[in-house]
Structure formats: structure tokens, C-alpha cells
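These notes are about the structure you will find just below.
The values are calculated or read from the model by the stated rules, or taken from the named source; none is laboratory data. Just so you know, these numbers come straight off a predicted model, no measurement behind them. FYI the Cβ positions are ideal-geometry reconstructions off the backbone, even for glycines, and counts take in every protein chain you see. In case anyone asks, the SASA skips ligands and DNA or RNA and just uses the protein heavy atoms, side chains included. Shrake-Rupley method; radii C 1.70, N 1.55, O 1.52, S 1.80 Å.
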Amino acid sequence: MNTADSFSLFVNQFSRDLSDINDRLALIGILYLGKKSFESFRNLSRAIGHYLIPNLVSNEKWIKSLGNWAVVFGCLNQIGYGYARELAKRKINLILIDQNQEILTQMCEIISSDFQIEVIPIKIDPRNFESLIPLEKTIIGRDIGIFVNSSCFNQECSYYHALSKNLIENSLCSNVAVFSLIIRMLLPSMFQKNKGALVNFSTKRSFLSSPYVSLFGASNLYTEKLIESLSYEYSDKNLYFQTINTGFLDDENLNFKNEVKLSRNLALYSSSTIQTLGWSSYSFGYWLNALKVHLLLRNFPLSCINFVYSRILKRKFMKSIENIASKNK
């Protein structure tokens, strides 16, 4: 065989191999495109089911069917107060639980006056479980249909070793122990009548690393895990469990100090959030909030997000130290 024939044979063989490679690459490309298309369709379906349909189909009758009373734990912030007002709009009577009697009384007067419903304030001391006895007595004979937990919005940035013993005890008792005990009080009646809803508010610190607010982040994760586990435990009952993650909603100025006033943005968020009740077990409350979280987590590694977020928290922490130092001068 001469050189020309050998070269021609080599070219023909190489062309056939190249054609096979192109076919395989094309198949891989089709499979990858199909995978991405399926994921996009699934995400779009979820978004429609979680945020669009709830805006078109009202859940007000279903909420009323659960019971004519709701318990809201953690009202000294705009999230809990906003959600309580949304329940009040639907003529659900309220039991509001928190640690500040003055603000609780003020809230009760405002909500009762605005919506003509019955509102009962209950002041508790998280480190004294006997303070829950008035709640236990209050729920007797009342048709409690909904429990809302909005207590995890109250830790400032600090080194963990610098946290006081009282603050750690108060945080754990409130966000873990009292939260769990209230659920334990309310579940028997819901279990018996085979209907009810438990709504838990959480923050981005449950899925992001949270230096300088580590206790806060761990408490958030506990509440999410408990709600998730209970949803499977009572899956054969007509009980509804939902976690609402506030995501990248600004949670720095949520707590009330002296005046009870709900901002326009938080009022909109609360209105959107209650519409998702009955439609999704895990929600970010508002479609724009969900879109921000989705785009961030889909396009950047979690380790990279944690690194950037920890730098942001560190900057806030150092700035707060500088402000305290300047005030003390």
C-alpha cells in the first residue's frame, strides 16, 4: 500500500471516529438541555403553585374553617404583628403572646378597634415555664385553628463568648423551649378535631452560615426542623405545617420599641404571606423574595455565599462596636 492510500485510509477512519464523537456530544448536549428544561419547568410550576395561584384563588374560607381562634407567639416585631392583622381581617380572634405587657396591650387595643374581634394578650417570661399556665387555661374551650411563631427576630451581632448567660437562656427558652411547649399545648385539640395549621417564621440564617448571630441561626434551624418533622409525623392527619423564610427581607428594624406601627412594605409582605397558607409547606412569603434567593443559590456556590455573607456580618459587627465606642466617649 502506497503512502497516498495509507493517508486516505487514515483520514476516512478519523472522519468516522469524529462523526461518532460529534454524535455522542450531541446526545450529551440534548440530555443536558433536557435536564435544564425539566428543572426550569419544575421551578416555574412551583412558583406558579406557591405565588400565582394563591393570588387568584382565595384561601379565606379554608382559614376560617380551621377554627375561629389563632395563637400568635412573638408579636413584638412587624412580621408577627402584620400576620396577626391579616388573621384579624379574616375575623379570626387572637391570643397574642410575648414578653412586653405594655406593647401587647397597645396591639390588642389597635387590632380590636380596627377589626372588631376579640384579642387576648398574654405576657410570658420564657425562663419561667409557669408563666405559660395562663395560656393553658385560656385555650380551654376555644376553637384554636392556627398557631403562628414569629419569635426568632431578636439577637444583635456579638461574639458568642461575649453573650451574657441571661441572653443565652432567654433566647433558648423562648425560641426553642417555649415554642415547643406551646405546640405541645395546641396539638391535642387539633389532633382531635383533625384540622389545624402551624406556621413558623424563619430567616436566611437557617440556610446560611451566621457568625456573630450563631445562637439566632441555630434557633431558626431548630424551629424549621421541628415543623418539617411534625409535618411527616402527622401526615395522615388533616394538619398543615408551614415554614416561611423571610429570606433577604431586611430584618434589622423589625422589632417595636415604643410605637406599634406597621410599615407599608411589611404590610404587603404579610398580605402575600398569608395567601400562601394551604398552598406550600415552605415559602419565602413573596415572589420577589423567593426569586432573589433562587437566583443567588442557583448561580453561586453556597461556600462562596457564606463567605461573602460572613464578611457583611463582620462589617456590621465592627461598625456597631465603633458606634458604641463613640457614644461612650
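Values for this structure:
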| quantity | calculated |
| --- | --- |
| Residues that are over 13 Å from residue 71 (Cβ atoms) and in contact (Cβ under 8 Å) with a residue 24 or more places away in the chain, drawn from region 119-138 | 123, 125, 126, 127, 129 |
| Matching residues in region 177-206 - criterion: being in a helix (DSSP H, G or I) and modelled with pLDDT under 90 | 204, 205, 206 |
| All positions within region 302-323 that are within 13 Å of residue 209 (Cα to Cα) and either in contact with a helix residue (DSSP H, G or I) (Cβ under 7 Å, 6 or more places away or on another chain) or not hydroxyl-bearing (Ser, Thr, Tyr) (or both) | 302, 304, 305, 306, 307, 308, 311, 312, 313, 314 |
| Selection count, region 225-278, where residues are crowded, with 17+ Cβ neighbours inside 10 Å, closer than 30 Å to residue 191 by Cα, aliphatic (A, V, I, L, M) and touching a residue at least 40 places away in the same chain (Cβ under 8 Å) | 5 |
| Residues satisfying the stated conditions in region 68-100, i.e. open to solvent by 10 Å² or more (accessible area, probe 1.4 Å) and hydrophobic (A, V, I, L, M, F, W, C) | 69, 76 |
| Pick from region 177-192, criterion of a type outside the set (A, V, I, L, M, F, W, C) and more than 19 Å from the chain's Cα centre (by Cα), ranking: surrounded by the most Cβ atoms within 10 Å (Cβ to Cβ) | 189 |
| Test: residue in region 193-206 that is touching a Leu at 6+ places or on another chain (Cβ under 6 Å), open to solvent by 60 Å² or more (accessible area, probe 1.4 Å) and closer than 22 Å to residue 68 by Cα | yes |
| Test: residue 74 is within 30 Å of residue 321 (Cβ to Cβ) and in contact with an Asp or Glu (Cβ under 8 Å, 6 or more places away or on another chain) | yes |
| Those residues of region 279-305 which are small (Gly, Ala, Ser) and open to solvent by less than 40 Å² (accessible area, probe 1.4 Å), in sequence order | 280, 283, 285, 290 |
| Residue among 219, 209 that is modelled with pLDDT under 90, over 25 Å from residue 64 (Cβ atoms) and either open to solvent by 30 Å² or more (accessible area, probe 1.4 Å) or of a type outside the set (Ser, Thr, Tyr) (or both) | 209 |
| Qualifying residue in region 212-221 (condition: of a type outside the set (A, V, I, L, M) and out of contact with any helix residue (DSSP H, G or I) (no Cβ under 8 Å at 6 or more places or on another chain)) | no |
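Table: residues versus (1) more than 26 Å from the chain's Cα centre (by Cα); (2) surrounded by fewer than 18 Cβ atoms within 10 Å (Cβ to Cβ).
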residue: 102; (1), (2): yes, yes
residue: 114; (1), (2): yes, yes
residue: 123; (1), (2): no, yes
residue: 128; (1), (2): yes, yes
residue: 142; (1), (2): yes, yes
residue: 145; (1), (2): no, no
